[in-house]
Amino acid sequence: MAADARHTDPDWLDLDAGPVVRPYTVTGGRVRPASGFDLVAFVVAAPLDRVDLAPLQPEHRLIIEIAQRPVAVAELAARVDLALGVVRVLLSDLLSAGLVVSYEPQPATALPNHDILQAVVNGLRAL
């Protein structure tokens, strides 16, 4: 009887982890976000009192809750326990809906070069 009971359990149910859902199911089969998100880009969600969470997927809701304060995309993926690619697709959905804002890091070419920084250090030492 015990052997028959094991065969009637659905394959997608893991007794230790709960229901197992493939990442592409969460994103509706999409693997590429409409907008790119750098790993170190920060995202901030709209305030919870201004967002209707009812029509959103649970993963979208969780992202909005976590991103009430600025959070890096890589950290967000770790906190929602989803693959980075999945989080990027979900963030793209939220960005297009106007529910999150992304702040990309400054490119290295926009940062001061070594000579300018050395001149600043030398000027400070001269004081």
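Values quoted throughout were computed directly from the atomic coordinates according to the rules given, and no laboratory measurement underlies them. The structure presented is a predicted model; accordingly, all values stated were derived computationally and were not measured. Here Cβ is always computed from backbone atoms with ideal geometry, including for glycine, and neighbour counts include all displayed protein chains.
Things to note:
- Put a dot 7 Å past the Cα of GLU75, heading toward its Cβ, do the same for GLN106, and the two dots end up 2.0 nm apart.
- Extension gain, ILE66-LEU48: 0.36 nm per intervening residue step, less the Cα-Cα distance, totals 5.4 nm.
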